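Worksheet: the structure to be examined is printed underneath.
Derivation of every value follows stated rules applied to the coordinates shown; laboratory data play no part. Since the model is a prediction, treat every value here as computed from it, not as a measurement. Here the Cβ positions follow ideal geometry from the backbone for every residue, glycine too, while neighbour counts run over all protein chains shown.
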Amino acid sequence: MTGSRKWPEHLDPVVEEFRACFDAMERYELLFDYAKMHPSALPQEEWNDNNQVHGCQSRAHVICSVDESGRFLLRGGADAQIVQGLMAVTAIAVNGMDLADVAEMEPDYAEAMGIRSSLTPSRANGFLNMFKRVREEAALLQ
Amino acid sequence: MALDIEAIRADFPILGRTLPNGKKLVYFDNAATSQKPQCVIDAMSRYYEEYNSNAHRANHTLADEATTALESAREKISSYFGTSPDQMIYTSGATEAINLVAYGWARENLDEGDVVVLTEMEHHADIVPWQQMSIDKGVEVRYVPIDTESFTLDMDAFEVALDGASLVCVVHTSNVLGVRNPVEKIVKMSHSVGARVLIDCAQGAPHERIDFDSLGADFVAISAHKMAGPTGIGCILVKRDAMAEMGPFMTGGSMIKRVTTEGSTFQEGHAMFETGTPRIAEAIGWGAAVEWLDQFDMREVHDHINDVASWTAAQMMDIPGIKIYGDPDRDDSSGAVSFLHESIQSQDLALLLDEGGFAVRTGHHCAQPLMDALGVPSTNRASFWIYNTMGEAESFVEYLSQVIERFA
């Protein structure tokens, strides 16, 4: 993470891909694609009350852990494809990162991607609550 | 005389707005809250600009003007609902109105084992206070189921549930299904077993003229903001004999006769239940709203809303994957069209519709027991009101079809 950017460099191509979209609908379409390509999706069988992210209009679940090399691993799932897509992008960002860096990350990559609606309080609850939980769990795992 | 929808729309400045993405607003979230006509906005602004003062408390000119406006609004509103000002208690909305029945009437009059009858169709505002009363006082809460084929109350089950009931609480019109319940029949049946009746008219009042005295219910809860009035105000209409059985709920200033260090005595009638500084601007705004609504024949208003809603629902049923919850085709349906798509999750669909400028509601609509009965966690809901046009409905159906074709 350098300069004013609060997301890891390896997320830049993803952010650029979203920025290059023609309009919001194309960005949503891309998010739906990312939802399907989630690198560490949490299957519905593993969704339970303990890993549910509360305060969301949609159902969202995350499990945060440390991989074999001691780095952060986010597994997550949501019934809303837009939240699932944002979760997938977040997993691309945080998986393999140092725990301390994850604990300090900001969610501004979503804004940079042009997903305006993901950041307003009433709707962003799905994404922002998920992000907050990821950051808190990264701090606890340190 | 047919409604002049364009003239009506001209009264609502917000309907002309453009969203940040350049799309024109199409507001289909009226069951959550209606928009406000300019006269309501002006009445509230005028109060703050010209005579803002606390009511009932001082002898100066501004206080006198504010008190007169507050009480004049009570007269207008109670008259609009077919009753007299002494049977109307201002509340913060329908939720507080129902809580006032629970804590002001039921706490004083019900004991362990007494029966409160609810329905699966109720808003949480008409469920949770009774669950709390069950915990606090040991009252038994019974739920009348809905028929999930017709989306109406199971009236046979209602009759069975009435046995030994002390209080019956029923929603006039479902905020999810748009279904209007047979409230006149419910009041009669409930009274025949000696039960008091509370009708939640939060959704009913924007769609038909509620006449409290002829309806005969003991309590009617109403919310201003769904019928062109401001947020933060509503009322409970209470029959005089029922009000006489009520004890204080919220206590403090205004509702007392005399306070000493040993104790307090209370005002009588509605004044006992209106604690603290009244919602003066809101009451004035609501008074302006009922004056505005009073120019229309509510039967015509209902028919217009029903035409737009039933046409929209019929068109939506032709879109592959869409399921409608409720029966908007019924003559008494209120204009709420709940729906789901088989593969596009409801929150996703709402965000995609928002990109087109269409404001619809998503979620459990504060009616989770109803969602459980329907077997779904949430629905999308388009809800129509007096200013919505067939043109808006046509553009909605067209856009929804495009979204589904692209994302399903």
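Computed over region B:42-293, relative contact order equals 25 percent, with contacts defined as Cα pairs under 8 Å that lie 6+ residues apart. Find out how many positive minus negative residues lie around residue B:70, taking Lys and Arg as positive, Asp and Glu as negative, among other residues whose Cβ is under 13 Å from that of residue B:70. Taking every Cβ under 13 Å from that of residue B:70, the sum is -2. Each Lys or Arg adds one and each Asp or Glu takes one away; over the other residues whose Cβ falls under 11 Å from the Cβ of residue B:51, this sums to -3. A cut-off of 5 Å between modelled amide H atoms, ignoring neighbours fewer than 5 places along the same chain, links residue A:59 with A:79, A:80. The angle separating the long axis of helix B:390-407 from the principal Cα axis of greatest extent in chain B is about 60 degrees. Applying 1/(1 + (r/R0)^6) with r as the Cβ-Cβ distance of residue B:141 and residue B:108 and R0 = 22 angstrom yields a FRET efficiency of 0.80.
Measure up B:185/B:239; B:76/B:188; B:76/B:239 against 20 Å on the Cα-Cα distance and list the ones that go over.
Flagged as over cut-off: B:76/B:188.
Spin-label model, residue B:265/residue B:193: points 7 Å from Cα along the beta carbon direction are separated by 4.1 nm. Per-residue 3J(HN,Hα) values for region B:33-49, derived from phi via the Karplus relation 6.51 cos²θ - 1.76 cosθ + 1.60 with θ = phi - 60°, read 6, 8, 7, 10, x, 4, 5, 6, 4, 5, 4, 6, 5, 4, 4, 5, 7 Hz in sequence order (x marks Gly and Pro). In terms of its alpha-carbon gyration tensor, the protein assembly as shown comes out prolate; a/c meets the 1.5 threshold, and the first ratio a/b outweighs b/c.
Normalising by the residue count of chain A, find the relative contact order in percent from Cα pairs under 8 Å and 6+ residues apart.
28 percent
With the cut-off at 1.5 for a/c, could you classify chain B from its C-alpha gyration tensor as rounded, prolate or oblate? Because a/c hits 1.5 or more and a/b fails to exceed b/c, chain B counts as oblate. Cross-link reach is defined here as a Cα-Cα straight distance under 26 Å, omitting same-chain residues fewer than 8 places apart; for residue A:6 the lysines meeting it are A:36, A:132.
In chain B, the longest principal axis of the Cα atoms and the axis of helix B:183-192 are about 40 degrees apart.
For region B:42-94, relative contact order (Cα pairs under 8 Å, six or more residues apart, normalised by length) works out to 20 percent.
Neighbouring Cβ atoms from other chains, within 10 Å of the Cβ of residues in B:341-351, number 6 on average.
Please give the calculated 222 nm ellipticity per residue for chain B, where each DSSP H segment of at least 4 residues contributes -39500 (n - 2.57) and the sum is spread over every residue; nearest 500 deg cm²/dmol?
The helix contribution divided over chain B gives -10500 deg cm²/dmol.
Counting only DSSP beta bridges with both residues in region B:141-214, the antiparallel share comes to about 40 percent. Close amide H pairs (under 5 Å, H built 1.01 Å from N) link residue B:142 with B:116, B:117, B:118, residues at least 5 positions away or on another chain. Backbone geometry of region B:154-168 corresponds, through the Karplus equation with coefficients 6.51, -1.76 and 1.60 at θ = phi - 60°, to 3J(HN,Hα) couplings of 7, 6, 5, 5, 4, 4, 5, 5, 5, 4, x, 6, 9, 8, 10 Hz, x marking Gly and Pro.
Taking amide hydrogens as placed 1.01 Å from N in the peptide plane, the amide H of residue B:383 sits under 5 Å from those of B:29, B:30, B:31, B:337, B:361, each at least 5 positions away in sequence or on another chain. Relative to the first principal axis of the alpha-carbon coordinates of chain B, what is the inclination of helix B:280-293, with its axis defined by its Cα atoms, in degrees from 0 to 90 and to the nearest 10? The answer is roughly 50 degrees. Computed from the Cβ-Cβ distance with R0 of 60 Å, the FRET efficiency linking residue A:108 to residue B:159 stands at 0.50. Given axes a ≥ b ≥ c from the Cα gyration tensor, I'd like to know whether region A:5-142 is rounded (a/c under 1.5), prolate (a/b larger than b/c) or oblate. Judged from the Cα gyration tensor, region A:5-142 comes out oblate (a/c at least 1.5, b/c at or above a/b). Under 10 Å, Cα contacts only: if you run a Gaussian network model on chain A, which one of A:80, A:93, A:60 comes out with the highest mean-square fluctuation? Per the Cα network of chain A with a 10 Å cutoff, A:80 tops the list.
Can you tally the net charge around residue A:88? Count Lys and Arg as +1, Asp and Glu as -1, for every other residue whose Cβ sits under 15 Å from the Cβ of residue A:88.
-2
Once the Cβ-Cβ distance of residue B:150 and residue B:311 is raised to the sixth power relative to R0 = 25 Å, the FRET efficiency obtained is 0.75. With each label modelled as a point 7 angstrom along the Cα→C-beta vector, the residue B:24-residue B:405 pair spans 2.2 nm.
Taking the DSSP bridge list for the protein assembly as shown and keeping only pairs wholly inside it, about 65 percent are antiparallel. Across region B:2-14, coupling constants 3J(HN,Hα) worked out from phi with the 6.51/-1.76/1.60 Karplus curve, θ = phi - 60°, read 5, 5, 9, 5, 5, 5, 4, 4, 5, 6, 10, x, 5 Hz, and Gly and Pro carry x.
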